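Participant: Before I ask anything, let me first share the structure, which is written out below as structure tokens.
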Amino acid sequence: MDTLFQERRTSPLFVLVTALFITFLLTSNIIAVKLALIAGQVLFAAIIIFPISYIIGDVLTEVYGYRRARAVIWLGFLCNLLMVVAIWLGGLLPPAPFWQEKQAAYQTILGYTPRLLVASFAAYLVGEFANSIVLSRMKLATKGQWLWTRTIGSTIIGQGLDSAVFTTIAVAGQVPDLWHLVWVQWLAKVAYEVLATPLTYAVVTWLKRREGVDTFDRGISLNPLAVFDRRG
């Protein structure tokens, strides 16, 4: 994670954006276990906040560049892993006598099944890195103009992959129309990004002005694993 801390001074605003990214990520993973009926469509409850993590990912890549966004994505993965381990260990603890009946509820809501865990981790890494890489390359191609094209374009790719990977691994064989569920999740997330575009513009513009940075990712490695190499 050297790109996060290799500079002598880390911007407080960068730390804030990173904290918000991880908070929305962890919260969405906790509530994702619930399938909700919204406007006649079955959606994972995480739809209410998970797209915000992608919006923040867009802000990170647009303002600070892919190298820093890549480090934050891995940091989010590590925090998510720590949360899952803590929840698992908490579930192993013997419940108090008066709490016996609530143990099942704890396991149902917080106890990740191996299948759901694999789905969550795989979808997160594939989707977030695709989103960041596409936005980074589109920024160079558009010479930093037309921000909306890359925030929406990267979301179409990233959220599409995220929805397909997570839904397929998590609920294949358990729902009657898997691909309908994938399409509904994807369209809902893209619509979320489109509606949030004015807010994304405002945050990006303000951050660039306050931080005095507007990073263009020229000559850098796009390899997600390069975060572990100081030359990446």
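Participant: Could you please give the count of residues in the range 1-40 that are at pLDDT 80 or above and among the polar types (S, T, N, Q)?
Facilitator: 6
Participant: Collect the residues in the range 63-92 that are touching a residue at least 60 places away in the same chain (Cβ under 8 Å), part of a helix (DSSP H, G or I) and not aliphatic (A, V, I, L, M), keeping them in residue-number order.
Facilitator: Listed by number, the residues that qualify are Tyr64, Tyr66, Arg67, Arg68, Arg70, Trp74.
Participant: Go through (1) hydrophobic (A, V, I, L, M, F, W, C); (2) closer than 23 Å to Tyr192 by Cα; (3) free of Cβ contacts under 8 Å to residues at least 60 places away in the same chain; (4) assigned to a helix (DSSP H, G or I) and name the single condition Val15 misses.
Facilitator: (2)
Participant: Please work out which one of (1) out of contact with any helix residue (DSSP H, G or I) (no Cβ under 6 Å at 6 or more places or on another chain); (2) assigned to a helix (DSSP H, G or I) is the condition Lys143 fails and give its number.
Facilitator: (2)
Participant: Within the range 105-124, track down each residue that is within 21 Å of Tyr54 (Cβ to Cβ) and either of a type in the set (Gly, Ala, Ser) or modelled with pLDDT of 95 or more (or both). I'd like the intermediate steps shown before the answer.
Facilitator: Taking the range 105-124 first, the residues within 21 Å of Tyr54 (Cβ to Cβ) are 116-124.
Scanning the range 105-124 gives Ala119, Ser120, Ala122, Ala123.
The values are calculated or read from the model by the stated rules, or taken from the named source; none is laboratory data. Every value quoted in this text rests on a predicted model; they were computed, and no experiment measured them. Cβ: placed from backbone, ideal geometry, glycine included. Neighbour counts: every protein chain shown.
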